[in-house]
Amino acid sequence: MTTSLIDYQPAADLLQDRIILVTGAGDGIGAALATSLAAHGASVILLGRTVKKLEKVYDAIVAAGYPQPAIVPLDLEGATADHYQELADSLQQEFGRLDGLVHNAAYLGALMPVEHYDLQLWARVLQINLTAPFLLTRAVLPLLKQSKAASVIFTSASEIQGGRAYWGAYSVSKAGADNLMQILASELETNTPIRINSLIPGPVQSQTRRTAFPGEDPNQHATIERILPAYLYLLGPDSENVNGQILQAQGTS
């Protein structure tokens, strides 16, 4: 594509009959994305920590007449390798395959000098943003291999580029996730139907953005709904030759 990914115009049935798991699906980008995926024909697996939030998204999707989603309550901070394997086994029994996986859930932590960074907070941020995506991806790889054309998206961030001061554990975890994406893309590009990319949403009107930049006017940024076509592009067949890339949702690609 030579234009911004948010200008992509997906077909109404772009994701018809596809099974896609979205982490952090209870609110923010995750909730909006899950609803959009369902609107384009996907059966969405809603993974998140708070059941009440997941149920709200579930109800909205069902009320709209979209394919019935599934709810998977899971706390990424406390989940072990066994929990992810149990999840994979359950998905294998229920669906038999996985056509898409979006690593959307993330934890900002705190913006402060590395010298003063709390050790427990550091571990928590890396667990949620890096170790959890690793464990989840590893557990569901057999399911992704059962798809004819599977797509995995790691959500990256523009703030990590160049190692900006005070971004600490968040920047380290996201940079690590980008590197993990590239390793997986290289390992899986031959003899598997899986392609893996990172997507930088860019500044959007989200709670995470407001927490990181409390002095900003949020109205100067794109709405969450505006960036969703970028995710749809990467999850659908129009990006079948895109692999191992770090892409800008609001930039030119």
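The values are calculated or read from the model by the stated rules, or taken from the named source; none is laboratory data. Every value quoted in this text rests on a predicted model; they were computed, and no experiment measured them. Accessible surface is based on the protein model in full, side chains and every heavy atom, while ligands, DNA and RNA are left aside. Shrake-Rupley method; radii C 1.70, N 1.55, O 1.52, S 1.80 Å.
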(request) Counting only heavy atoms of the protein chains, get the accessible area per residue of the range 24-145 (1.4 Å probe) and round it to a whole Å² value. (result) 47
(request) Search the structure for amide H atoms under 5 Å from the amide H of ILE194, placed 1.01 Å from N in the peptide plane, and list their residues when 5 or more places away or on another chain. (result) ALA150
(request) May I ask you to list the aspartates and glutamates whose Cα is less than 13 Å away from that of LYS174, ignoring any residue fewer than eight positions away on the same chain? (result) GLU159
(request) Per residue of the range 24-33, in order, report the coupling 6.51 cos²θ - 1.76 cosθ + 1.60 (Karplus, θ = phi - 60°) as ³J(HN,Hα) in whole Hz, putting x for Gly and Pro. (result) x, 7, x, 7, x, 4, x, 5, 5, 5
(message) Which aspartates and glutamates, if any, have their Cα less than 13 Å from the Cα of LYS56, not counting same-chain residues under 8 positions apart?
(response) ASP27
(message) For a quick check: with amide H placed at 1.01 Å from N, whose amide H comes under 5 Å from ILE200's, ignoring anything fewer than 5 positions away on the same chain?
(response) SER156, LEU247, GLN248, ALA249
(message) I need the phi-derived Karplus couplings for the range 157-173: 6.51 cos²θ - 1.76 cosθ + 1.60, θ = phi - 60°, integer Hz, Gly and Pro marked x.
(response) 8, 5, 5, 7, 5, x, x, 5, 4, 6, 8, x, 4, 4, 5, 4, 5
(request) Summarise the accessible area of the range 104-195 (1.4 Å probe, protein heavy atoms) by the percent that is carbon and sulfur. (result) 53
(message) Please list, ordered by chain and number, the residues whose modelled amide H lies under 5 Å from the amide H of ALA70; skip anything fewer than 5 residues away on the same chain.
(response) VAL44, ILE45, LEU46
(request) From the C-alpha gyration tensor of the range 80-134, pull out the three semi-axes of the equivalent ellipsoid (sqrt of 5λ each), sorted largest to smallest, in whole Å. (result) 32, 12, 6
(message) Give me a comma-separated list of calculated 3J(HN,Hα) values for the range 116-126, in order, Karplus coefficients 6.51, -1.76, 1.60 applied at θ = phi - 60°, integers in Hz, x for any Gly or Pro.
(response) 10, 6, 5, 5, 5, 5, 4, 5, 5, 5, 5
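Please compute the Kirkwood hydrodynamic radius over the range 87-187, one decimal place, Å, based on all pairs of different Cα atoms.
Here the Kirkwood hydrodynamic radius works out to 14.7 Å.
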(request) For the range 112-169, just say rounded, prolate or oblate: build the C-alpha gyration tensor, square-root its eigenvalues into a ≥ b ≥ c, call rounded for a/c under 1.5, and beyond that prolate if a/b exceeds b/c, oblate if not. (result) oblate
